[in-house]
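The values are calculated or read from the model by the stated rules, or taken from the named source; none is laboratory data. Worth saying up front: this structure is predicted, and the values here are computed from it rather than measured. No Cβ is skipped: glycine too gets one built from the backbone with ideal geometry, and neighbour counts run over all protein chains shown.
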Amino acid sequence: MVSFRWTSFAAIAPIFLYFGRTTSTTVNATSLANDSAVHNHSSPHFLVYSDQETPGTIGPPAVSAIKGFNVFALSFLLASGPADKVPAGIKLIVSAFGSTESPTTSGTDPNSTAETMAEWVRQYDLDGIDVDYEDFTAVNKGDGKAEAWIINFTTRLRSLLPQGQYILTHAPVAPWFSPGIWGGGGYLKVHESVGHMIDWYNIQYYNQGDTEYTTCSNTLAQSSSQWPQSALFQIAANGVPLRKLVLGKPATNTSADNGYITPATLTGCVETAKNGGWSAGVSTWEYPGAASSWIQTVRGVSWPVEK
């Protein structure tokens, strides 16, 4: 996924926008106070990312446009003025890094970066942060530096954004859960070290090969030999709680290079997974390709959206 550069956001956010916690009331960015109310992070989670400006809209869309989702992940930066209203009843988080940054390869310090990000989450009164780490060069080296960076970053971030008060999610690509491939252990190592600090994983089941994760079977039950044991239930069998495995899919056939499954088919995958004991939820890249009609179809009879 593509998300904004955090360094750019940190430098210019004060003159651009304020995104408040999940409230529909107008707020003043200069008179913020941290809200220490305990958040309800129980599954299922239905999360949508967005890095696209929608004509005529400043800030997140109206609730009616994304009805059926309960988490909205900001992955963009607006230059059109302050956004002072947020959809009521929907958690608002920000997605960090994405494909535009390689923090380990570039030598970015994990602790100071976590401190900067946590400060902005608190100052701009967001509900939390999603860690979209995509430093493939570092992971592919297999020397463990990528995993160590993620672990140190997560540890510091969680110490500043307490569990129960702030959402902290990660968005790894599915193959990083394959055992025996990554010299540093991949995300199984990350989970072993700091999984208890992470609320859930928005797993990217897309952009990993033309035939990868294109059916319910190879997404849920058995992945290919190229990325072994990375299907959802296989990851759970390797020690990651099923309740933390959110199924991430592209919204349209142009939202990603591959891995797309139509909403009408995806709803069957969701039903199959739920019948198998899964209840984590679905994430998607991105709004407005995935709007209310998309998520209502995908939730289907498993978690129907109230009319």
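Structure summary
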item	result
Sole residue being without any contact (Cβ under 8 Å) to a residue 24 or more places away in the chain, assigned to a loop (DSSP other than H, G, I, E, B) and among the hydroxyl-bearing types (Ser, Thr, Tyr), chosen from Ser230, Ser224	Ser224
Output for the stretch 211-257, where each listed residue is loosely packed, with under 15 Cβ neighbours inside 10 Å and farther than 24 Å from Lys189 by Cβ	Thr211, Thr215, Ser217, Asn253, Thr254, Asp257
Residue check for Trp149: touching a strand residue (DSSP E or B) at 6+ places or on another chain (Cβ under 9 Å), surrounded by 16 or more Cβ atoms within 10 Å (Cβ to Cβ), touching a residue at least 12 places away in the same chain (Cβ under 8 Å) and more than 18 Å from Lys244 (Cβ to Cβ)	yes
Residue match in the stretch 175-188 (condition: closer than 18 Å to Ala96 by Cα and either surrounded by fewer than 19 Cβ atoms within 10 Å (Cβ to Cβ) or aliphatic (A, V, I, L, M) (or both))	no
Some residue of the stretch 254-265 being closer than 18 Å to Asn202 by Cα, within 18 Å of the chain's Cα centre (by Cα) and not in a loop (DSSP other than H, G, I, E, B)	no
Of all residues in the stretch 242-253 being in a loop (DSSP other than H, G, I, E, B) and touching a residue at least 24 places away in the same chain (Cβ under 8 Å), the one that is nearest to the chain's Cα centre (by Cα)	Ala251
Any hit, the stretch 164-179, residues being modelled with pLDDT of 95 or more, within 16 Å of Glu147 (Cβ to Cβ) and in contact with a Pro (Cβ under 8 Å, 6 or more places away or on another chain)	yes
Members of the stretch 152-194 that are under 28 Å from Leu220 (Cβ atoms), part of a helix (DSSP H, G or I) and under 17 Å from the mean Cα position of the chain (by Cα)	Thr154, Ala174, Pro175, Trp176, Phe177, Tyr187, Val190, His191, Val194
Selection count, the stretch 261-287, where residues are surrounded by fewer than 19 Cβ atoms within 10 Å (Cβ to Cβ) and in contact (Cβ under 8 Å) with a residue 12 or more places away in the chain	9
Every residue from the stretch 114-142 that is at pLDDT 95 or above, crowded, with 21+ Cβ neighbours inside 10 Å and part of a helix (DSSP H, G or I)	Ala114, Ala138, Val139
